[in-house]
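Down below is the structure, laid out as structure tokens.
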Amino acid sequence: MTFEESERLHSVPPSGIRRYFELAEEQDDIISLGVGEPDFAPPWSARDAAISSLERGQTSYTPNRGLRELRERIATDARERYDLAYDPDDEVLVTAGASEALDLAFRAFHDPGDTVAVAQPCYLSYVPGATLAGADVRDVPTREADDFTLTRDVLEAAGAGAADTLVLCYPNNPTGATMTRAELEPVAAFAREHDMQVFADEVYAALTYEHNHTSIATLEGMRERTVVFSGFSKAYAMTGLRLGYALAPAAAIESMNRIHQYTMLSAPTTAQHAAIEALDNCADDVAGMREAYDRRRQFVLSRFAEMGIDCFPASGAFYVFPECPWANSDAFAEALIEEQSVAVVPGHVFGAGGDGHLRVTYATSLANLKKALNRIETFID
Amino acid sequence: MNSREEILALLRENARYSTEDLARQTGLAESEVEATIEDLETEGIIRGYQAVVDLDETEHEHVRATVELNVTLDRETGYDDIAARLAKFPEVQGLRLVSGDFDFQMEVEGDSMSEVSRFISEKVAPVPEITQTVTHYIMESYKERGVEFGDGHEDDRLSVSP
């Protein structure tokens, strides 16, 4: 008896990030700028709410779609911050991280032979998620010349119009790019013209530094065709609590929930209690973290400029995406870990359009950033 | 936030940030940072720069106490007069007029409990306007000026993650 991997899984390669993780783990005094999560702990009052809920024994399953109180607050927050209008009864689904919601959407809305266009470079889950759902993936590489925004040009060049679904993530991991309403308009027009559904991963929406986030779902004719994904991992630094959500028209949420009710049943209950408190009372904590990220962002951008490393002015999330000083970014990243104990991730790991760049996370203390950037400076000299 | 507020927030977070680091974090020129700090100092907004020290970890014994003071005022003597007199003593590290059951909250520091007690009984209590003193010796400090004295939040994140 042997376990024979399914063909679908067989076509999904192991994560390209693994190798850098292993190299970094071997170093003693590693400073990692290769992390995809905040360095802050969640706001204490949210953690305290989680502890209190455990003390009260609130550890049962919740309704499939999530606690009613949480869905109401998510809907209110989305309306007040981003002008997104969703009914907490049937247009909000609380999931185990935004990643689960994305997986649900890939599986709910694709058959073998369908095509998913993925704006890249991007978070590592979209391509495997679409592939495991049986869909074909079309890479849509964005360009540094456009500050890694998604444009009509790159959509057309990639033949994205033939796809059923467009996946985009702004503010973006790994580039730190954001998109304004004006920049999103032509993307929305493209999706409408080609009658595409849009999966908008907006998990970094709270972390923009030059302009407020605009959700593509708020553009004309987009709400009906868009699923918005977000969660508590980035804004509230709650990654390990695994809590996200999807916002979409009722029929789409109903479809996603049919998978969710069988596979997950409900999102982690303790995390849902923390999230209620986060939305009720932690806006100041989020603002404080955002300010800290912004200072670090400016610090890192100015240090790269001093070193003569080209880096477009990333304006969201907690990443910058400088050009790699060497032609071979794998060799650079490996040597940087081995010789200077600083971890960064080569951009190509995040898909098409990322080659020749490095993802540098500034979700770490200023003292660490300072030290790491000094080491990078020594390294390239 | 304007640049003054930004500089102030950063210095309150870490007074040892260099001018260079402050400039890099705010996008201001170093000369602007220096001028802003000078203004803040001249205007009496920034009154000093001090380290946050966990005295229990040092080799010398330090004794600190919070003292509640009640006072009576008369036509010639107001709170400010009494405060000015008390604040002059080097033993007094902090002095605040507060609302509630007593008038002043005073922080006193000394090398030993007897030294602090003597200071209260010989220098503070005899002040004519002071009607009552209640001294609380600090037994353990868990957090000072926003800094927790625990072991801190360890970075337990995976070193590389998506």
In segment B:15-95, trypsin sites (Lys or Arg not before Pro) in a DSSP loop with at most 10 other beta-carbon atoms within 10 Å | B:R16, B:R47, B:R75, B:K88
Treat every Asp and Glu Cβ in the protein assembly as shown as -1 and every Lys and Arg Cβ as +1, leave all other atoms uncharged, and give the resulting dipole magnitude about the Cα centre to the nearest 20 debye.
-> 1160 debye
Ignoring ligands, DNA and RNA and using a 1.4 Å probe, state the total buried accessible area between B and A in Å², rounded to the nearest 100.
-> 2000 Å²
Of the candidates B:S31, B:L11, B:T42, the farthest towards the positive dipole end of segment B:3-42 (Lys/Arg Cβ +1, Asp/Glu Cβ -1, centred on the Cα centre) is B:L11
Mark the label point 7 Å from the Cα of B:I138 along Cα→Cβ and return the residues of segment B:71-90 whose backbone N is within less than 17 Å of it.
-> B:90
Please give the length that would be gained between A:A331 and A:V12 if that part of the chain were fully extended, namely 0.36 nm times their separation in residues minus their C-alpha to C-alpha distance (nm, one decimal).
-> 112.4 nm
With the full set of protein chains in place, find how many percent of the accessible area of segment A:49-125 is carbon and sulfur; take the probe as 1.4 Å.
-> 44 percent
Got a sec? Charge dipole of segment A:143-251, +1 on Cβ for Lys and Arg, -1 for Asp and Glu; which of A:L243, A:T180, A:H211 is way out at the positive end?
-> A:L243
Per residue in segment A:281-297, which ones lose no less than 10 Å² of accessible surface when going from chain alone to all protein chains (1.4 Å probe)?
-> A:E291, A:R295
Would you calculate a helix-derived [θ] at 222 nm for the protein assembly as shown, using -39,500 (n - 2.57) for each DSSP H run of n ≥ 4 and dividing by the full residue count, to the nearest 500?
-> -11500 deg cm²/dmol
Send over a whole-number figure in Å² for the accessible area per residue of segment A:44-281, probe 1.4 Å.
-> 37 Å²
Label segment B:55-140 by shape, choosing from rounded, prolate and oblate, from the square roots a ≥ b ≥ c of the eigenvalues of the Cα gyration tensor; if a/c is under 1.5 it is rounded, and otherwise prolate applies when a/b is larger than b/c, oblate when it is not.
-> prolate
Tell me, which residues of segment B:1-38 get at least 30 Å² less accessible area when the other protein chains come in, versus the chain alone (1.4 Å probe)?
-> B:M1, B:D21, B:R24, B:Q25
Going through segment A:302-336, which chymotrypsin sites (Phe, Trp or Tyr not before Pro) have at most 12 other Cβ atoms within 10 Å and a DSSP loop state?
-> none
Two-decimal Rg/Rh across segment A:44-281, once Rg and the Kirkwood Rh are taken from alpha-carbon atoms = 0.96
Share of antiparallel DSSP beta bridges in chain A, in percent to the nearest 5?
-> 40 percent
Expressed as a percent, the accessible surface of chain B that is carbon or sulfur, using a 1.4 Å probe and the full set of protein chains, is 44 percent
Could you do me a favour and compute the accessible area per residue for segment B:1-118, 1.4 Å probe, result in Å²?
-> 65 Å²
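The values are calculated or read from the model by the stated rules, or taken from the named source; none is laboratory data. Everything numeric here is computed off the predicted structure, so don't read it as measured data. Methodologically, a virtual Cβ is constructed for each residue, glycine included, from the backbone with ideal geometry; neighbour enumeration extends over all protein chains shown. Only protein heavy atoms, including side chains, enter the accessible area calculation; ligands, DNA and RNA are left aside. Shrake-Rupley method; radii C 1.70, N 1.55, O 1.52, S 1.80 Å.
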